[in-house]
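Any read-out appearing in this document is the output of simple, stated calculations on the displayed coordinates, not a laboratory observation. Everything numeric in this text was worked out from a predicted model, so none of it was measured. Backbone-built Cβ (ideal geometry, glycine too); neighbour counts: all protein chains shown.
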Amino acid sequence: MSSDQLHIAPLAHPPRGTIRVPGSKSITNRALVLAALSEPSEGSELRGVLQSDDTEIMIAALRDLGFRVHTDWAKNTVHVRRGRHVSAIPASEADLFVGNSGTTMRFLTAMVSLGGGRYRLDGVSRMRERPIEDLLAALRQLGVSAYSERGNGYPPVVVEGAGLQGGRVVMKGDVSSQFLSGLLMAAPLASGGVVIELAGGLVSVPYVDMTLQMMWDFGVEVEYDDDMTCFQVPKHSWYKSRTYDIEPDASAASYFFAAAAITGGQVTIPGLPADSLQGDVAFLNLLEEMGCRVNKAEHGAHVQGRPLRGIEADMSDISDTVMTLAAVACFADGPTTIRNVAHIRHKETDRIAALASELRKVGADVEEYSDGLKITPRPLHGAVIETYDDHRIAMSMALVGLKVPGIVIKNPACVAKTYPNFFLDLEKLRGAS
């Protein structure tokens with residue numbers, strides 16, 4: 001087997017074990033931004049930080065912007081200090097490469113609007129296919145020259161100006177919640193208070209909840225209405241420097257909960273609190289609906305696999321786990337329908353089309369919709385899985401191989417985007433029977 005392919009051998013017995021997953025990528029990248037925008041002082045220490053391609057790209061970009069970032073990966077800690085610069089962004093110009101990290105592109109596009117100078121952000125070819133015009137249009141309403149270099153609403157992005165003005169802005173939230181999260185995190189350092197009104201719906205609401213809670217943790221409170229269509233952000237000098245603990249990644253945990261569901265085993269993820277900041281803990285509710293026994297405790301979560309039944313799931317709020325549920329659905333009694341996730345067509349790949357293609361390869365009957373999938377189980381067989389350089393396709397389809405012989409994952413290294421040791425941890429299930 002070549003190094004660009006990985007054969008997944010079925011488990012001989014249902015696993016019974018504990019897996020410690022790495023820190024949350026979503027929390028890590030938000031914490032890095034908030035720490036960088038904190039008061040000039042001794043800085044903030046972030047603990048439990050995820051080391052992955054996405055987070056290291058964010059760290060490298062912050063360094064390019066003049067922030068002092070010290071990493072101690074042996075302890076999974078990162079220390080961020082801004083120094084005593086008058087400007088919110090120490091560097092007056094920068095050319096930033098963000099790879100295919102959507103959070104880095106969206107968060108830093110908003111963040112650099114606080115600086116005085118010119119900033120360019122670009123990424124890999126797929127990043128140049130991921131829309132960002134909704135965020136650029138919002139920044140222009142607040143006095144910033146922010147535009148797509150090629151004029152098509154996609155990266156590369158150029159941001160020029162002398163800081164973010166206060167005022168009222170109307171923006172869309174139906175393509176990516178990261179646009180709103182990025183603007184929310186930057187807004188307290190605008191020259192005046194900012195009011196953000198949403199036009200249309202908001203996808204991935206739990207990620208906005210996460211942003212608001214973390215802003216509060218760093219000293220800024222945002223007022224918003226019950227239906228999350230209007231946000232009032234007060235003018236604030238800086239966020240507060242602090243020590244901050246990062247939760248285990250709920251999206252990463254979903255793969256091991258799914259492994260228990262698929263194999264009839266038992267898996268525990270320690271450190272994932274029942275009141276987690278992460279909306280993806282709601283994935284456990286779907287497994288419970290499918291028939292699993294689920295226990296959510298203060299210091300961790302446990303899943304015991306049982307006979308599975310198909311369900312209908314609106315996954316608009318937990319769309320990063322769509323691929324995981326799709327893998328579980330292949331082993332259920334009856335079809336599973338996933339809806340309201342049209343926005344995942346704009347992720348690392350068109351995830352709806354990619355899932356439909358790869359699930360059909362292994363024998364599932366898949367009906368593709370504009371906003372989701374219907375998966376009807378059929379006898380499954382081995383196949384070589386194309387991963388489209390998408391970490392979540394690779395990790396999810398590997399789960400099928402825990403029961404079905406002959407599953408081969410192409411480009412397994414793509415999981416380094418968010419979970420470099422995923423396949424090592426998946427292998428631990430083999431010794432946890």
Q) So how far, in whole Å, is the C-alpha centre of the stretch 169-230 from the one of the stretch 90-168? A) 17 Å
Q. Taking a ≥ b ≥ c as the square roots of the eigenvalues of the Cα gyration tensor of the chain, is the shape rounded (a/c under 1.5), prolate (a/b larger than b/c) or oblate?
A. prolate
**Q.** Cα-based reach from Lys403 at 15 Å (exclusive), listing aspartates and glutamates while leaving out same-chain residues under 8 positions away
**A.** Glu427
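Taking the stretch 306-346, how much of its Cα-Cα pair set, in percent, is spaced more than 13 angstrom apart? Let's see the in-between values first.
On the way: 411 of 820 pairs.
Above the 13 Å cut-off, the stretch 306-346 has 50 percent of its Cα pairs.
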(Q) Output the 0 to 90 degree angle, nearest 10, between the alpha-carbon long axis of helix 102-111 and the longest principal axis computed from the alpha carbons of the chain. (A) 10 degrees
Q) At q = 0.13, 0.14, 0.27 Å⁻¹, what is the log10 ratio I(q)/I(0) for the stretch 349-430, with the Debye formula run over Cα points and no solvent? A) -0.40, -0.46, -1.34
Q | Unit charges on C-beta of K, R, D, E only; dipole of the stretch 25-234, Debye | A | 580 debye
Q.
Among 148-156, 344-352, how do they line up by average Cβ neighbours within 10 Å per residue, starting with the highest?
A. 344-352, 148-156
Q. When ranked by the protection proxy of mean other Cβ atoms within 10 Å per residue, highest first, what sequence do the peptides 160-171, 178-189, 267-278 form?
A. 178-189, 267-278, 160-171
**Q.** Tilt relative to the chain, helix 351-361 - C-alpha long axis, 0 to 90 degrees, to 10
**A.** 20 degrees
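Rounded to the nearest 5, what % of DSSP beta bridges with both residues in the chain are antiparallel?
Working: 48 of 74 bridges.
So the antiparallel bridges in the chain amount to around 65 percent.
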**Q.** Packing rank of 365-371, 319-325, 62-68, where each peptide gets the mean count of other beta carbons within 10 Å, highest leading
**A.** 319-325, 62-68, 365-371
Q: Answer with one residue from Ser24, Val322, Gln5: the one whose Cα lies farthest towards the positive end of the charge dipole of the chain, charges on Cβ with Lys, Arg +1 and Asp, Glu -1.
A: Gln5
Q: Can you tell me the 0 to 90 degree angle between the C-alpha axis of helix 177-186 and the longest principal axis of the chain, rounded to 10?
A: 30 degrees
